[in-house]
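K.L.:
Sharing a structure with you now.
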Amino acid sequence: MNEFSEFRMPKAVFYGQNSLTQLGRQAAEYGSKVLLVSDRIMEELGHVDRCIGYFEQHNLAVVTYLDVNSEPTDQHVAEALDLCISEKCDVIVAIGGGSCIDAAKAVAVLATNRGYIGDMGGETPIKIDPLPLIAVPTTAGTGSEVTNVTVITNTQLDIKMMIKHQAFLPCVAIIDPSLTISTPPHVTAATGIDALCHAIEAYISRLSQPLTKNMAAAAIESVMKYLRTAYLNGDDLEAREKMAIASMQAGLAFSNASVTLVHGMSRPIGALFHVPHGVSNAMLLPAVLEFTKEYATESLAELARIITPNLKALSNEELADVTIKEIKQLCANLKIPNMNSWGVDETKFAQVVDKMAADALASGSPSNNPRVPTHQEIVELYKQCYNYDFQLAKTIK
Ligand SMILES: NC(=O)c1ccc[n+]([C@@H]2O[C@H](COP(=O)([O-])OP(=O)(O)OC[C@H]3O[C@@H](n4cnc5c(N)ncnc54)[C@H](O)[C@@H]3O)[C@@H](O)[C@H]2O)c1
Ligand SMILES: [Fe+2]
């Protein structure tokens with residue numbers, strides 16, 4: 001076993017209110033012609049024009065790709081890549097949720113290496129440095145601005161590919177919490193639970209290390225304290241700021257320690273039933289923790305001490321239960337649906353649940369879970385989550 005750990009992060013992270021003002025200067029450090037990757041909602045909100053204004057202040061030329069209209073597919077990537085190559089852009093800026101950032105990451109790598117995005121990462125060497133990428137998140141959830149991962153849907157096979165390689169790490173992240181104020185409550189809830197999953201999975205991951213545990217613990221504390229407020233009162237800037245930082249910390253944690261079973265099982269739900277990423281994670285989180293509890297009792301007990309520091313003396317087993325109940329309660333407060341109430345068709349679900357379990361296992365993420373599930377155990381977990389009752393949570397005092 002290694003005695004040392006490796007921890008990677010972007011070259012620079014600007015965070016806090018008004019950090020977006022650094023965008024033009026940063027882009028000018030890396031190139032002279034920007035490909036701005038975003039979506040139509042960002043355009044309507046005025047964020048695209050604001051970015052263009054910052055580029056113009058630094059005499060940068062800019063081309064826009066604004067058609068990332070959902071969780072990104074290989075087709076979005078191909079379109080944006082064509083534009084990047086034909087316009088000879090030399091720096092890429094992504095502004096938006098994880099979808100826009102992930103699409104831009106794929107373009108940055110393919111612009112210099114060419115090929116198909118699904119063939120990148122894993123064991124395949126990425127030989128040439130990507131184009132420099134500046135990532136500006138507008139949701140507090142994926143942490144994609146600081147991770148070495150991109151998630152792209154393969155439209156031929158109906159699978160969400162999680163592609164991991166250091167080449168996908170942005171050079172610069174700019175995390176301005178005021179950009180998240182306009183996020184509607186259901187997106188705030190889903191993306192906030194995504195950050196919570198990243199942090200919890202990184203905390204209990206077989207690949208965790210001291211720095212990732214630190215980042216993950218800080219993120220969990222903030223999400224448990226501030227996500228309800230951000231959801232109920234989107235204008236609360238303190239809650240938005242804490243969530244934006246928590247999302248970044250959770251991203252750094254899982255990028256260096258890996259996600260585990262929730263994310264492994266979540267991607268097939270997203271690919272086959274088009275459930276947004278954060279919602280499909282939330283549908284699984286409490287049940288997966290219940291499944292894992294006996295193999296991660298100490299870690300889950302440590303989290304209870306962070307989440308509810310005033311608890312009376314309890315055993316580690318009882319504390320692990322507290323953590324799971326608190327998370328279940330949070331999901332109930334955020335009105336997280338189960339697959340059935342979301343509208344996942346029961347007949348189709350029964351037909352594809354085997355494929356879902358196979359795809360989940362093949363992604364490799366479940367093997368980092370403290371309890372490594374069999375194919376059949378994943379099938380059973382999916383079935384349990386189909387009708388999962390979040391309302392049964394009772395907070396232990
Ligand atoms: N690369 C990574 O490290 C990583 C980690 C986790 C998830 N992901 C991937 O990220 C994608 C999901 O990203 P997401 O959860 O951020 O959602 P998203 O980017 O898909 O955005 C969801 C919706 O919210 C809108 N939106 C975003 N910011 C807004 C704002 N400030 N105001 C109003 N509307 C806003 C978007 O336009 C979109 O319609 C998934 O594909 C998921 O698999 C990537
Ligand atoms: Fe995620």
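K.L.:
In whole percent, what relative contact order does segment 310-397 give with Cα contacts below 8 Å and a gap of six or more residues?
P.N.:
On the way: 50 pairs, mean separation 45.8, N = 88.
Averaging sequence separation for qualifying contacts and normalising by length gives 52 percent for segment 310-397.
K.L.:
Within the chain, what's the longest stretch lacking GluC sites (Glu not before Pro) that sit in DSSP loops with no more than 15 other Cβ atoms inside 10 Å? Could the numbers behind the result be given before it?
P.N.:
Numbers: sites that count: E3, E6, E87, E123.
Here the longest run is 124-397.
K.L.:
If you don't mind, another one. Does segment 2-56 classify as rounded, prolate or oblate by the C-alpha gyration tensor (a ≥ b ≥ c root eigenvalues; a/c under 1.5 gives rounded; else a/b over b/c gives prolate, otherwise oblate)? The partial results should precede the final answer.
P.N.:
On the way: a/c = 2.34, a/b = 1.97, b/c = 1.19.
Note, shape of segment 2-56 comes out prolate.
K.L.:
Could you please state, rounded to a whole Å, how far the C-alpha centre of segment 303-322 is from the C-alpha centre of segment 67-132?
P.N.:
44
K.L.:
For K105, give me every one of the lysines with a C-alpha distance below 27 angstrom, ignoring sequence neighbours fewer than eight places off in its own chain.
P.N.:
Within the straight-line limit of under 27 Å, K105 reaches these lysines: K11, K33, K88, K127, K160, K164, K213, K242.
K.L.:
In addition: Against the globular-protein guess of 2.2 N^0.38 Å, express the Cα radius of gyration of segment 6-111 as a ratio, rounded to two decimals.
P.N.:
Working: Rg = 13.3 Å, N = 106, 2.2 N^0.38 = 12.9 Å.
In units of the globular-protein estimate, segment 6-111 measures up at 1.03.
K.L.:
Additional query: Dipole of the chain (Lys/Arg Cβ +1, Asp/Glu Cβ -1, origin at the Cα centre): which of A332, I117, V77 lies farthest to the positive side?
P.N.:
With unit charges placed on the Cβ atoms, the residue in question is A332.
K.L.:
Name the long-range amide H neighbours of T73: under 5 Å, sequence gap of 5 or more, or other chain; modelled H, no Pro or chain starts.
P.N.:
The answer is T153.
K.L.:
Okay, next question. Could you give the alpha-carbon Rg of segment 12-180 over 2.2 N^0.38 Å, rounded to two decimals? Kindly include the intermediate steps, with their values, before the conclusion.
P.N.:
Working: Rg = 14.4 Å, N = 169, 2.2 N^0.38 = 15.5 Å.
Its radius of gyration relative to the 2.2 N^0.38 Å reference: 0.93.
K.L.:
Filter the chymotrypsin sites (Phe, Trp or Tyr not before Pro) in segment 1-49 to those in DSSP coil with at most 10 other Cβ atoms within 10 Å of their Cβ, and list the result. Don't jump to the answer; show the numbers that get you there.
P.N.:
Working: sites: F4, F7, F14, Y15, Y30; in loops: F4, F7.
The qualifying sites are F4.
K.L.:
Let me ask another. What residue among Q26, Q351, Q75 has the largest mean-square fluctuation in a Gaussian network model of the chain, using Cα springs under 10 Å?
P.N.:
Of Q26, Q351, Q75, the Gaussian network model singles out Q351 as fluctuating most.
K.L.:
Follow-up question, since we're still on this one. Mean-square fluctuation check for the chain, GNM, Cα pairs under 10 Å: which of Y54, Y382, Y231 is largest?
P.N.:
Taking springs between Cα atoms under 10 Å, the residue moving most is Y54.
K.L.:
Two decimals, Cα atoms only, Kirkwood Rh: what is Rg/Rh over the chain? Numbers along the way, then the final one.
P.N.:
Details: Rg = 20.2 Å, Rh = 21.0 Å.
My calculation of the ratio gives 0.96.
K.L.:
Relative contact order for the chain: what is it in percent, counting Cα pairs under 8 Å that are at least 6 residues apart?
P.N.:
Details: 805 pairs, mean separation 58.2, N = 397.
Relative contact order here is 15 percent.
K.L.:
Could you work out the relative contact order of segment 185-392, using alpha carbon pairs under 8 angstrom and six or more residues apart, expressed as a whole percent? Intermediate results must be reported in sequence, preceding the final value.
P.N.:
Working: 315 pairs, mean separation 54.5, N = 208.
Over segment 185-392, the number comes to 26 percent.
K.L.:
Please express the Cα-Cα pair-distance distribution P(r) of segment 185-392 as a list of whole percents, one per 10 Å bin, running from 0 to the bin with the greatest distance.
P.N.:
9, 37, 38, 14, 1
Bear in mind that the values in this text are calculations on the coordinates, not laboratory data. Please read all numbers here as calculations on a predicted model, not as lab measurements. Heads up, the Cβs are rebuilt from the backbone with ideal geometry, glycines too, and the neighbour counts pull from every protein chain shown.
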